[in-house]
1. Can you give the mean number of other chain Cβ atoms that lie within 10 Å of the Cβ atoms in peptide B:67-76?
2. Using per-residue counts of other Cβ atoms within 10 Å, averaged over each peptide, order B:29-36, A:263-270 from highest down.
3. Give me the count of lysine pairs in chain B whose alpha carbons sit under 23 angstrom apart, restricted to pairs 8 or more positions apart or on different chains.
4. Could you derive backbone 3J(HN,Hα) for the stretch B:218-235 from the dihedral phi with the Karplus parameters 6.51, -1.76 and 1.60 (θ = phi - 60°), listing whole Hz in sequence and x where the residue is Gly or Pro?
5. Which value in deg cm²/dmol, rounded to the nearest 500, describes the helix-derived mean residue ellipticity at 222 nm for the protein assembly as shown, given -39,500 (n - 2.57) per DSSP H run of n ≥ 4 and division by the residue count?
6. Mind grabbing the interface size between B and A? I mean buried accessible area, both sides, 1.4 Å probe, in Å² to the nearest hundred.
7. Placing +1 at every Lys and Arg Cβ and -1 at every Asp and Glu Cβ, with all other atoms neutral, what dipole size does the stretch B:108-182 have around its Cα centre, in debye to the nearest 20?
8. Between A:G221, A:N198, A:S248, whose Cα lies farthest towards the positive end of the dipole of the stretch A:189-259 when Lys and Arg beta carbons carry +1 and Asp and Glu beta carbons carry -1, centred on the Cα centre?
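The values are calculated or read from the model by the stated rules, or taken from the named source; none is laboratory data. All values derive from a computational prediction rather than experimental measurement. Don't worry about glycine lacking a Cβ; one is built from the backbone with ideal geometry, like all the others, and counts go over all protein chains shown. All accessible areas refer to the heavy atoms of the entire protein, side chains included, with ligands and DNA or RNA removed. Shrake-Rupley method; radii C 1.70, N 1.55, O 1.52, S 1.80 Å.
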Amino acid sequence: MTARRTRIFWMAFAVILALLIVMPFGLPEFWRRFLTEILIWGLLAMSSDILIGYTGMVSFGHSAFFGLGMYGAAAALLTTRPPSLWLALLYGLIAAATVAAFVAYFSTRLRDIYFAITTLIFSQIFYVIIFTWTDATGGENGLAFSRPALAIPGLFSLPFTTLTLYWFVLAVVTGSYLVLRRITRSPFGMVLQSIRENEARTRAIGYPVERYKIVAVMFSGLFAGLAGVLYAIQNRFAAPDFVFFVVSGEAVIYNIMGGVGTLVGPIVGAAAFLLLREGLSRLFPYLASVASQHGLALPGLAEFPYLIPLGIIFIAIVIFMPQGLLGFARRRLNE
Amino acid sequence: MAADLSSAALAAAAAPVGAAPVLRTEDLGIRFGGLAALNGVNFAVARGEIRAVIGPNGAGKSTFFNCLTGVLRPSSGRILFNDDEITGLSPNRISRKGIARSYQITNILPNATTLENVRIAAQSRRHGWSLFTHHRAFRDIIEKAEAVLATVGLAAKADELAANLSHGEQRNLEIGIALATEPQLLCLDEPTAGMSAGETDDTIALVRRIARDLTILIVEHDMTVVMGLAHRITVLHYGAILAEGTPAEIQSNPRVLEVYLKT
Ligand SMILES: Nc1ncnc2c1ncn2[C@@H]1O[C@H](COP(=O)(O)OP(=O)(O)OP(=O)(O)O)[C@@H](O)[C@H]1O
Ligand SMILES: [Mg+2]
């Protein structure tokens, strides 16, 4: 029974991965980049699922980890010649992990809403520091830099194209997924789920719950930082906007939309949300132009605030698919 | 006379009186605002003993367990476990020293399987920080968990969600979780609460079986069960020890009869 399910899982995994590998061939440049961004936001959302879905903690600090990954990568890319991809990863991960350790140490003493608010305050503190420390961070304008090459020193060096960058990001996100999946099934991951189920009982059977939470936040922050590094490489800039807590909120929304506690769900959520937003933002100008072709002037239609229908769809998903898109699809498949 | 002697010898064999106590409290007290929920409790239990703690509702029995297991920090006094002071330690530290408990109100992982409930408890002693190996790869933990489920009579329900077990089964799972941490001292807070007569008999038989390797403190309201099970009984009343002795002594103690057994 379980062996059969494992086989089905790996078959589905292989099919989806193969589809994702060939998908950009049929797509124009813009959508290739869009797909890369979906994967990066999916990685951020997946990293926060470790806390939301597995440990039962909602973090609003992920923008700080993401942002520090960005600025860490920026530091490496601006100070070393030629810019090195691996140093960008290293600096970004160290920056994100350091901040995650700091935030984890202070915030995991608190629970529920108090944990969420503490992480939010920390992310805002880092936002203010980055925003005002203009000399080092470029302040409001952020930092711009050139993209490193995909290189292994002494072996090869290829400049990134949209296509190779997409594959690189796909490889990193797939690798991260496999690592996170393994962690969630390890003894450590089972303790996190036990904390989510019944924190007091977990402590009573001998687990130092706070220490487990600290390590969970650090892992989560590390992968959020990895997403930040990828975003910096993709867009060739680091900006304070990405440290702002709203980015953490978006990660939470992707989790809820896709289904928490599944790792893949948050990626599905990110894809659904970003595609819907893109589609809706184009829909109203399109409708207005169609209408005017038929001699119909509909003032204001082109500027219709498309975030309103997006919000309504999100609320509908929360109400009618409380386990998210993935949870809903799974139930349908099992029926 | 001869009969008296042999029953005394039996009691002595079962409860090694005079052995160094495994657990001791000195002048233990805790206050909730103006209420002294425990007050000057001097308590000792010998290794291998089954000790019942009885008393009317609100006497402080659960509060006593909460102090022993670190859920509550005593306002005064000391708790010594194997002559080691454990007063005010966190619940996880106390668990690691070898004290486990079950709860008056069922306290399990409802959305995990029965097996996982005891497996996670067994894992608390080994491999808990293992990050990159699948938890099912640790056969020693699984075997320990399966052995515990067999002991508490839940082997057939291993793959069932704990939430789907009957109330009586959940009460026994509660004991299984505590046992899986391999304690020296097991505190059972009304393990038979809400059970049918048949389930109660099974659970009491279970307590007798596991008592061969452990020291047991048990809070229990059913007096026939208490009298048949305990080596000694401690009576709490308004947070203080009212009486202590063998079941026979307690049954004939006029103060106990007055406050407790008369109803
Ligand atoms: N956390 C707490 N805060 C305030 N008061 C408490 C707390 N815990 C217990 N009490 C009070 O302490 C007294 C002892 O309660 P406790 O639960 O220990 O009684 P008990 O002997 O276990 O009773 P029962 O037989 O009903 O389980 C009660 O008056 C109770 O209201
Ligand atoms: Mg009680």
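1. 1
2. Ranking, from highest mean packing down: A:263-270, B:29-36.
3. 4
4. Whole-Hz 3J(HN,Hα) from phi for the stretch B:218-235: 9, 9, 8, 8, 7, 5, 5, 4, 4, 5, x, 9, 7, 6, 9, 10, 10, 9.
5. -18500 deg cm²/dmol
6. So the total buried area for this chain pair works out to about 2500 Å².
7. Roughly 200 debye for the stretch B:108-182.
8. It is A:N198.
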